[in-house]
Amino acid sequence: MSTENTSIVRRALAGLIGTGDIDTLASFLSEDFRHHRPDSATSTRAEWLAAVRAALGPTAGMQVEILHLLADGDHVVVHSRRRLPDAGPEIVVVDVLRIADGSIAEAWEIIEPVAHAAANVTWWEPAQR
């Protein structure tokens, strides 16, 4: 099951990353797909595809490098590094995708600007006395 789910995600992302092909990605999403952000915002399939088209479409210019693609049961985790166009900030993204009936049914996304990483890894350290 995990290998099949990884293959679904890999095929869904291949055209998107290579050419900005949003239609291929859309064909892998269930009709009731939901996308969740850390701020508790949830997008519908149509809303999320519009946002993806703006960020990753053929004229958007965002570069995406997949660093890890891992699967466990019906979930696939994608760890990527992205560079925004026009020398915008570099970000690291972790997407957790839930696969149901051969389609991507749900996604959770965590984004961190690389420039903020050093500050964000010290929150758990004991306070200096």
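Under a crude label model (7 Å from the Cα following the beta-carbon direction), how far is Val77 from Ala117 in nanometres?
Reported label-point gap for Val77 and Ala117 is 1.6 nm.
Grab the Cα-Cα distance for Arg11 and Ala87, subtract it from 0.36 nm times how many residues apart they are, and report the gain in nm with one decimal.
Details: separation 76, 0.36 × 76 = 27.36 nm, distance 2.83 nm.
Net length gain for the segment: 24.5 nm.
To the nearest 20 debye, what is the magnitude of the charge dipole of region 6-55 about its Cα centre, counting +1 on the Cβ of each Lys and Arg and -1 on the Cβ of each Asp and Glu? Walk me through the numbers on the way to the answer.
Details: 6 positive and 6 negative charges, 31 e Å.
Charge dipole, region 6-55, about its Cα centre: 140 debye, nearest 20.
Considering the alpha-carbon set of the chain alone, what are its Rg and its Dmax in angstrom?
15.7, 56
Compute the long axis of helix 2-19 from its Cα atoms, compare it with the longest principal axis of the Cα atoms of the chain, and write down the angle in degrees, 0 to 90, nearest 10.
90
Once each part is reduced to its C-alpha centroid, what is the distance from region 61-129 to region 6-53 in angstrom?
Comparing the Cα centres of region 61-129 and region 6-53, I get a distance of 15 Å.
Compute the angle between helix 45-56 and the longest alpha-carbon principal axis of the chain, please, reported from 0 to 90 degrees and rounded to the nearest 10.
Taking Cα atoms only, the helix is inclined about 60 degrees.
In percent, what relative contact order does the chain have, based on Cα pairs under 8 Å that are 6 or more apart in sequence?
Working: 225 pairs, mean separation 30.0, N = 129.
For the chain, the relative contact order is 23 percent.
We did not get these values from a lab; they are worked out from the coordinates using the rules stated. Note that the structure is a prediction, hence the values are computed from the model and not measured. So basically every Cβ, Gly included, is an ideal-geometry build from the backbone, and we count neighbours across all protein chains shown.
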